[in-house]
Amino acid sequence: MIKVVYLSSTEKGKQLFEWLKQQDCQIVFAETDNNKITSFPDYDLGLGFLYTHKIPLSEFKIPYKWINFHPGPLPFYRGRNLAYHAIMNNEIEF
């Protein structure tokens, strides 16, 4: 069974976490209250859903283990306040 770390900072993220708990995986760690996490247990896959803190670089080892759901087109709209910057840049699509 795959061991999953789940990080999120939004209400939608909490809903996704409830769905994830019903899947065929073992959740070994979850953070859905916007707390910064720096230490992780052993896991097979990390999922980030609108998590507002940086995941420590030490977690990005080969083979890569993370999937990050990001609300803006990368790499131009990386970081925070993405919708704000898209509005200020008069984007037609975002």
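The values are calculated or read from the model by the stated rules, or taken from the named source; none is laboratory data. These figures come from a predicted structure and were not determined experimentally. Note: ideal-geometry Cβ built from the backbone for every residue, glycine included; neighbour counts use all protein chains shown. To get the accessible areas, we keep the full protein, side chains included, count just its heavy atoms, and leave off ligands, DNA and RNA. Shrake-Rupley method; radii C 1.70, N 1.55, O 1.52, S 1.80 Å.
Express in whole angstrom the spacing between the alpha-carbon centres of segment 35-94 and segment 8-34.
Distance between centres, Cα-based: 16 Å.
Give me the distance in nm between label points sitting 7 Å out from Cα along the Cα-to-Cβ direction at residue 40 and residue 28, one decimal.
1.0 nm
Just the number please: accessible area per residue for the chain, 1.4 Å probe, all protein chains included, in Å².
Numbers: 6820 Å² over 94 residues.
On a per-residue basis, the chain sits at 73 Å².
Quick one: putting +1 on the C-beta of Lys and Arg, -1 on the C-beta of Asp and Glu, what dipole do you get for the chain around its Cα centre, in Debye to the nearest 20?
It comes to approximately 220 debye.
Under the definition of Cα pairs under 8 Å and six or more residues apart, what whole-number percent is the relative contact order of the chain?
28 percent
Using a 1.4 Å probe on the protein chains only, how many percent of the accessible area of the chain belongs to carbon and sulfur?
55 percent
Computed from these coordinates, which is Cα Rg over 2.2 N^0.38 Å: [x] 1.18; [y] 1.69; [z] 1.28?
Matching entry in [x] 1.18; [y] 1.69; [z] 1.28: [x].
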